[in-house]
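The values are calculated or read from the model by the stated rules, or taken from the named source; none is laboratory data. Predicted model, so just to flag it, every value in this text is computed and none were measured. We place every Cβ from the backbone using ideal geometry, glycine too, and count neighbours over all the protein chains shown.
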Amino acid sequence: MDRIELEAFVAVAEELHFGRAAERLHRGQPTVSDAVRRLESALGGRLFHRTSRRVSLTDLGAALLPDAHAALAQLRRFQQRGRSLAAGDPARTTLVVAHAAYTCHHLLLRCLPQLRDRFPDVTIVPEALPTTAQLTALRAETAGLGIGWATGDLTGVRADVLSTERFMALVPAAHPLAGHAELTASELSTTALLTWPHQINSGLCDRLLSAFHIGGADLRIIRTADSVQAIAAHVAAGTGIGITVESALDDRTPGLRVIPLAGPSTTVDQVVLTPAAPSYTATALRDLLLRASAEPPAGR
């Protein structure tokens, strides 16, 4: 299997649409479809259920997606290291820092310069990875530290809580629910919702699903987007109500109300992940992140 096959698999898995995946990869749709078929042939099983109206992951596809993310990340690191060595740079110790979408990136921005000052000979490589892919990379020791969301199977990985985040609704100012101080799952039960793709943040999705299940409500997600800005744009366009987490809302969007969700399972833990035997540098960064998360935000 080659890189385009893995990239096509990941893009289709996250978009759940071959056309959007092709646009994202700047390739023709037939190229993406052929790449997925070649990969399925090499693996001996189907990665997607396909109908004329819907694309969804098979059990095999869902199981292999974290490994595909980790393999692509490892390939990018191989290329970076190869270019560095070819340019005559000496080989140096590397710390790969994985971070999931929607995590509190300002903590990394505060802590990475401190880490660089303490370990000037260490090459720090930030890498965007979903939490499930981080767990695979940490166990395989291709990543040294991760920041993600609490999830089920943490075998072989240590998780320390950085923060407990509330789910927040992005509501158009003119919407009937815009005047509420809080919103419950039952109040959103019949509403068209926009949020992150399950393939990117399964822990967040599972927690949100639990909140609606406990509240006896239906979770009706009509569209997903891989950034808060994209969700906010769809909300502003009248597509529906957006769901995100508090730490992702660095910028308030004009014309939208930000309303916290209330009820059981409407919070989720953001965690720093390290392998069972972390490096000295990874341990130092974990400690910096935990200390920074305990400090009050600037201006309070």
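Would you be able to say whether some residue in region 110-129 is buried (at least 23 other Cβ atoms within 10 Å of the Cβ), modelled with pLDDT under 90 and of a type outside the set (A, V, I, L, M, F, W, C)?
no
Output yes when any residue across region 199-208 is farther than 30 Å from residue 24 by Cβ and of a type in the set (A, V, I, L, M, F, W, C), and no when none is.
Checking region 199-208: not a single residue is farther than 30 Å from residue 24 by Cβ and of a type in the set (A, V, I, L, M, F, W, C).
Among the residues of region 203-244, which ones are under 21 Å from residue 12 (Cα atoms) and either in contact with a helix residue (DSSP H, G or I) (Cβ under 7 Å, 6 or more places away or on another chain) or part of a loop (DSSP other than H, G, I, E, B) (or both)?
Hits for region 203-244 are 203, 223, 225, 226, 227, 228.
Look through 237, 298, 284, 292 and report the one residue that is surrounded by fewer than 21 Cβ atoms within 10 Å (Cβ to Cβ) and at pLDDT below 85.
Testing whether each residue is surrounded by fewer than 21 Cβ atoms within 10 Å (Cβ to Cβ) and at pLDDT below 85 leaves just 298.
Is it fair to say residue 171 is part of a strand (DSSP E or B), of a type in the set (Val, Ile, Thr) and surrounded by fewer than 18 Cβ atoms within 10 Å (Cβ to Cβ)?
No; evaluated as a whole, the condition is false for this residue.
For residue 206, which of the numbered conditions (1) of a type outside the set (Gly, Ala, Ser); (2) within 30 Å of residue 78 (Cβ to Cβ); (3) surrounded by 16 or more Cβ atoms within 10 Å (Cβ to Cβ) fails to hold?
(2)
Here's the yes/no breakdown for (1) touching a Gly at 6+ places or on another chain (Cβ under 9 Å); (2) surrounded by 18 or more Cβ atoms within 10 Å (Cβ to Cβ); (3) part of a loop (DSSP other than H, G, I, E, B):
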{"site": "134", "(1), (2), (3)": "yes, yes, no"}
{"site": "141", "(1), (2), (3)": "no, no, yes"}
{"site": "146", "(1), (2), (3)": "no, yes, no"}
{"site": "154", "(1), (2), (3)": "no, no, yes"}
{"site": "165", "(1), (2), (3)": "no, yes, no"}
